[in-house]
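The values are calculated or read from the model by the stated rules, or taken from the named source; none is laboratory data. Given the structure is predicted, the values throughout are model-derived calculations rather than measurements. As a convention, Cβ positions derive from the backbone with ideal geometry for all residues, glycine included, and neighbour counts pool all protein chains shown. Each accessible area value is taken on the protein alone, full model and side chains, heavy atoms only, with ligands, DNA and RNA left out. Shrake-Rupley method; radii C 1.70, N 1.55, O 1.52, S 1.80 Å.
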Amino acid sequence: MLPEDHQRLAAQVRDFADEVVAPASYTYDTERRLPMEIIAEMGRMGLFGLPVPREFDGQGRDYLSLCVAVEQLARVDQSIAVTLEAGLGLGTMPILSYGTRAQQERYLPSLARGEQLAAFGLTEADAGSDAGATRTTARLEDGTWVIDGSKQFITNSGTPITSLITVTAVTGQKEGRDGKQVPELSTIIVPANTPGLTVLPSYDKVGWHTSDTHPLLLEDVRVPEENLLGERGRGFANFLASLDQGRVAIAALCVGAAQGCLEQAVERSKSRIVFDRPLGEHQHVAFTLARMQARVAGARALMHEAARRLDAGMPFSKEASIAKLVGSEAAADNARDACHIWGGQGFLNENVVARHYRDSRVLQVGEGTNEVQLAIIARHLGFPNALAR
């Protein structure tokens, strides 16, 4: 049901994923490095500028286009897909949505062309789902923000082309809804080469081995006052909106992973002969494949609904959470079933379904745990205290 231009984009990215990304995926996964030559090719294809206006060297397309591209990449390699998803959804889009004209003109063109990458520094040791517990601080001294703190699990923060990291920081105190003083959170753009910003060694992760992910240390980091992104004290509201957008794209990644596992399972079920007939002709396997297909169909429909509401300027927070919740569970369940259908070969890292099995676990944690998604959905049902405060 996608429009023709979206179908053409899907076909283009699918061919690229199958012909370029998939053959190299296991090698880069083993080496645990982001293949910059593949990222450069994605930049030349315009993928990093899909929803960015043409005036900033983007493609001027809608957010659904980004979701279509992410889905096709995620079929064969979640690490490559999340590099695009995080680079655009969390790196570029906040600047497009909340940046001043000067900030947009300075940063967006190179990001849209894929020549540079941006990261979003939110998560801390004690502040992930509970972003209000942020400990990183920023004080204003003579027109300069002085930032101290640390961040962790920051995607795209240490690549050779990372140009900036937008960090959340406590910039003061303000009166909360209950009349009590609460931290005032703001977002500030920190160029990657700023003195005092240290990108610490990458993590030894269970999955997403190719994705660039680092902890960050900020010690007496000084940036100009005009690097404030959006209104001071609006950081909490702005990054919640950014996370809603990001969840739509991560839901697309989930759909792609679930679809990739389905394709691999179907292929195996047709080619593997067990007890004198194809594996898929055994009822249990056939029914498992049918359930895998149903999961993909449901997750994709929910993701498309959320993306279309976003593009139409309609409220989409609830739909984004539903799409992320259902999609992440579909990816994990399909990865499990695909590995089982592949048997012993599904336990080998060289098999893409094994990598999906490892990679899909984080989909239920990143960009808001599934428990947070349930709380958001519950709020929309009229239970505002579902998320403990």
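Structural remarks
- Single unsatisfied condition, residue 105 versus (1) closer than 24 Å to residue 220 by Cβ; (2) at pLDDT 95 or above; (3) surrounded by fewer than 18 Cβ atoms within 10 Å (Cβ to Cβ): (1)
- Answer residue from the range 139-194, given it is in a loop (DSSP other than H, G, I, E, B) and open to solvent by less than 10 Å² (accessible area, probe 1.4 Å) and is farthest from residue 218 (Cα to Cα) among those: 156
- Options 302, 374; residue that is open to solvent by 30 Å² or more (accessible area, probe 1.4 Å), under 22 Å from residue 69 (Cα atoms) and of a type in the set (A, V, I, L, M, F, W, C): 302
- From 119, 81, residue being outside any helix (DSSP H, G or I), of a type in the set (Gly, Ala, Ser), touching a residue at least 12 places away in the same chain (Cβ under 8 Å) and surrounded by 23 or more Cβ atoms within 10 Å (Cβ to Cβ): 119
- Screening residue 314 with (1) closer than 26 Å to residue 273 by Cβ; (2) out of contact with any Lys or Arg (no Cβ under 8 Å at 6 or more places or on another chain); (3) open to solvent by 50 Å² or more (accessible area, probe 1.4 Å) gives one miss only, at (1).
- For residue 221, the conditions (1) in a helix (DSSP H, G or I); (2) touching a Gly at 6+ places or on another chain (Cβ under 9 Å); (3) open to solvent by less than 10 Å² (accessible area, probe 1.4 Å) are fulfilled apart from (1).
- Meets criteria (of a type outside the set (Gly, Ala, Ser), out of contact with any Leu (no Cβ under 7 Å at 6 or more places or on another chain) and buried (at least 24 other Cβ atoms within 10 Å of the Cβ)) for residue 75: yes
- Any hit, the range 301-311, residues being in contact (Cβ under 8 Å) with a residue 40 or more places away in the chain and farther than 19 Å from residue 6 by Cβ: no
- For beta carbons closer than 9 Å, sequence separation of 6+ or different chains, a first residue in the range 369-386 that is among the polar types (S, T, N, Q) and a second that is surrounded by 11 or more Cβ atoms within 10 Å (Cβ to Cβ) and in a loop (DSSP other than H, G, I, E, B), the qualifying pairs are 369/128; 369/129.
- Considering the range 19-39, the residues that are over 21 Å from the mean Cα position of the chain (by Cα) and charged (D, E, K, R) include one that is nearest to residue 116 (Cα to Cα), namely 31.
- Complete set of residues in the range 256-299 that are small (Gly, Ala, Ser) and surrounded by 23 or more Cβ atoms within 10 Å (Cβ to Cβ): 256, 257, 258, 260, 265, 299
- Failed item, numbered, when residue 251 is tested on (1) open to solvent by 20 Å² or more (accessible area, probe 1.4 Å); (2) modelled with pLDDT of 95 or more; (3) under 25 Å from the mean Cα position of the chain (by Cα); (4) not hydroxyl-bearing (Ser, Thr, Tyr): (1)
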